[in-house]
Amino acid sequence: MMTRLLKPLWVLLALVFLVEAWLWDRLAPLVARLVALIPWLKIKAAVAARIEALPPTATLAVFLLPVAVLLPVKFLGLWLLARGAWLGAVALLVAAKVVGLGLTAFIFDVTRPKLLQLAWFRALYQRVLAWRDWAHAQVDPIVRALRQRLAGLVAPATRQVRRALQRLGWRPSGRGLKLARRIRRRIHARAA
């Protein structure tokens with residue numbers, strides 16, 4: 001009985017964890033590309049060399065640097081919330097989250113080999129990967145079921161819209177038809 005009551009809470013927790021992981025995965029390459037645009041190749045090389053020269057415990061401090069830098073920004077966002085500036089506060093907090101995740105992902109990519117030399121960090125890293133697998137096991141069946149249901153709803157709705165447009169005399173052009181087919185294929189591929 002209690003397990004059934006807690007299932008939605010576990011799924012919500014897994015979903016939040018997966019959103020964080022998804023943001024991490026998506027922002028790491030973006031930040032890497034943005035950093036690649038910085039014309040200071042010598043500075044980037046020097047930073048990478050300094051990180052290489054650091055012991056693992058000092059590398060941990062470098063890894064935690066984005067948290068320390070962005071903490072005052074998050075407090076500013078909370079202060080804005082308290083003052084009633086909702087739009088500015090939400091924009092600031094979202095920007096801090098995105099920048100923080102992006103920078104942390106980039107720095108983690110650079111510092112990972114050194115950090116994994118620490119036994120406790122390696123154990124924590126393996127544990128986080130296990131949590132991620134658990135979160136996927138909780139959420140993926142629900143996502144698959146929703147996609148199948150959505151595909152089942154989209155196909156009949158698409159036919160009805162197409163029939164209605166044909167009754168009105170609309171004939172799809174080549175580009176519009178190709179786009180519609182491509183969208184339809186994507187929806188069916190995700191449902192499968």
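Considering only protein heavy atoms, what per residue accessible area in square angstrom results for region 46-192 with a 1.4 angstrom probe?
Counting only protein heavy atoms, the per-residue value for region 46-192 is 72 Å².
Peptides 158-169, 61-72: what's the order by average Cβ count within 10 Å, highest mean first?
Ranking the peptides 158-169, 61-72 by packing returns 61-72, 158-169.
The values are calculated or read from the model by the stated rules, or taken from the named source; none is laboratory data. Because the structure is predicted, anything quoted here is derived from the model rather than measured. Cβ atoms come from the backbone with ideal geometry, glycine included; neighbour counts cover every protein chain shown. Accessible surface areas use protein heavy atoms only, side chains included; no ligands, DNA or RNA. Shrake-Rupley method; radii C 1.70, N 1.55, O 1.52, S 1.80 Å.
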